[in-house]
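The values are calculated or read from the model by the stated rules, or taken from the named source; none is laboratory data. Everything numeric in this text was worked out from a predicted model, so none of it was measured. Glycine gets a Cβ as well: all are built from the backbone with ideal geometry, and neighbour counts include every protein chain shown. For the accessible areas, the whole protein counts, side chains as well, though only heavy atoms, and no ligand, DNA or RNA atoms are used. Shrake-Rupley method; radii C 1.70, N 1.55, O 1.52, S 1.80 Å.
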Amino acid sequence: QVQLVESGGGLVQAGGSLRLSCAASTRTFSRCAMGWFRQAPGKEREFVAAISSGGGWRDYADSVKGRFAISRDNAKNTVYLQMNSLKPEDTAVYYCAATTYYSGTSHENEYAYWGQGTQVTVSS
């Protein structure tokens, strides 16, 4: 069982930055690929970014490429999402997810473990 706890969300003005963190309580974190997803009000949850277990593969949604960066620290069992140049349309609940598909994937249904989410609100 993998438990995930997100932190770092909040209210920020357009153009600002936030760094989300996701702490995992599992001894097998280094064998898990990780992903970030988000869900805006009235919309379906969507892929944001993913990283392989070793960090050598990363993928991003087109809407965040060049602005967001995913990284991980396997020694700390933590994955990060650095969000820069934030836009009002980035407003959503951001979820961290883990999969034992260690190569990494952007497909939501491949992720078996999910955090509770953290709210990110970008004001115009």
Applying a 4.7 angstrom Cβ cut-off across the chain, unpaired cysteine residues come out as 32
So what's the net charge close to residue 69: Lys and Arg +1, Asp and Glu -1, counting the other residues with Cβ under 13 Å from its Cβ? +4
Once neighbouring chains are kept in place and the probe is 1.4 Å, which whole percent of the accessible area of segment 52-92 is contributed by carbon and sulfur? 44
Below 13 angstrom from the Cβ of residue 92, what's the summed charge of the other residues (Lys, Arg +1; Asp, Glu -1)? -1
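Which FRET efficiency value, to the nearest 0.05, do you get for residue 30 and residue 107 by plugging their Cβ-Cβ distance into 1/(1 + (r/R0)^6) with R0 = 22 Å? Numbers along the way, then the final one.
Numbers: r = 21 Å, r/R0 = 0.97.
So, using R0 = 22 Å, E works out to roughly 0.55.
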Student exercise, the chain dipole from Lys, Arg, Asp, Glu Cβ charges, in Debye to nearest 20: 320
Around residue 80, under 14 Å between beta carbons, what's the net of Lys plus Arg minus Asp minus Glu among the other residues? +2
Computed over the chain, Cα set: Rg, Dmax in Å: 13.3, 41
